[in-house]
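Structure record follows, encoded as structure tokens.
Every number in this text was worked out from the coordinates using simple rules, so none of it is lab data. In this text, all values refer to a predicted model and were calculated from it rather than measured experimentally. Ideal geometry is used to build each Cβ from the backbone, glycine not excepted, and the neighbour counts take in all protein chains shown.
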Amino acid sequence: MCGTIIGLVLACNNETASTPEAAAPTPAPDLPYTATYSSNWDTNISDTDLKTVLTTYKDWADGNLDGVMKAMGDSVWVDGTDGTSANYSNADLRKRWASSRDSLSSVEIEMDAWHKMRSEKQKDSIIVVWYKQIETFKNGRVDSARYHDINQLKGGKIIWYSQYKRPLLKS
């Protein structure tokens with residue numbers, strides 16, 4: 001008898017938790033803009049793609065340009081911090097980046113965060129990273145900045161790379 005009463009009390013408490021208000025869908029907010037590309041994203045990207053992207057940063061810091069270029073597609077659209085925006089073949093991109101990396105004696109990267117994003121409509125795999133990079137040039141000058149990069153992958157290769165930079169110090 002006591003068990004029946006406790007069961008009824010618990011059943012009544014569970015019924016009050018599912019009110020019609022709780023079950024009603026949330027209306028879409030009245031936003032001042034509509035996204036032209038996508039506003040619906042999930043994180044359904046493989047950890048292999050994440051590792052590919054993060055390894056390129058490690059390879060850059062280690063001076064392993066071969067490793068960086070292996071992760072790039074046959075052609076890569078690059079939006080640089082200097083305002084350039086172009087589609088480069090893997091070989092042309094290697095030439096551009098080799099001269100930059102060759103001017104450095106060391107690179108330190110402190111990876112702050114990353115986020116895997118996949119547009120639900122277009123199915124594009126994007127990995128966004130935020131990090132601090134400290135560069136020591138062969139002439140002894142040190143430069144550091146905070147970066148926010150966007151890496152788009154297709155077939156396990158980076159096909160779009162966009163970089164944003166906020167300088168920290170120069171010596």
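Ordering 118-124, 83-89, 56-62, 153-159 by mean Cβ neighbour count within 10 Å, with the highest value first, yields 56-62, 153-159, 118-124, 83-89. When both region 71-114 and region 46-60 are represented by their alpha-carbon centers, they are found 14 Å apart. Each residue in Leu54, Leu31 was given a count of other beta-carbon atoms within 10 angstrom of its own, and listing them fewest first yields Leu31, Leu54. Each Lys and Arg adds +1 at its Cβ and each Asp and Glu adds -1 at its Cβ; summed about the Cα centre, region 24-92 shows a dipole of about 120 debye.
Here the average projected area of the convex hull drawn through the C-alpha atoms of region 36-171 stands at 8.3 nm². Each of Ala98 and Asp82 was given a label point 7 Å from its Cα along the Cα-to-Cβ line. The distance between the two points is 1.7 nm.
Each Lys and Arg contributes +1 and each Asp and Glu -1, all at the Cβ; summed about the Cα centre of region 44-141, the dipole is approximately 80 debye. With θ taken as phi - 60° and the Karplus curve 6.51 cos²θ - 1.76 cosθ + 1.60 applied, the whole-hertz 3J(HN,Hα) list for region 155-160 is x, x, 10, 7, 10, 9 Hz, x standing for glycine and proline. Among the lysines, which fall within straight-line cross-link reach of Lys116, defined as a Cα-Cα distance under 28 Å, with same-chain neighbours fewer than 8 residues apart omitted? Excluding near neighbours in sequence, the set is Lys51, Lys58, Lys70, Lys132, Lys154, Lys157, Lys165.
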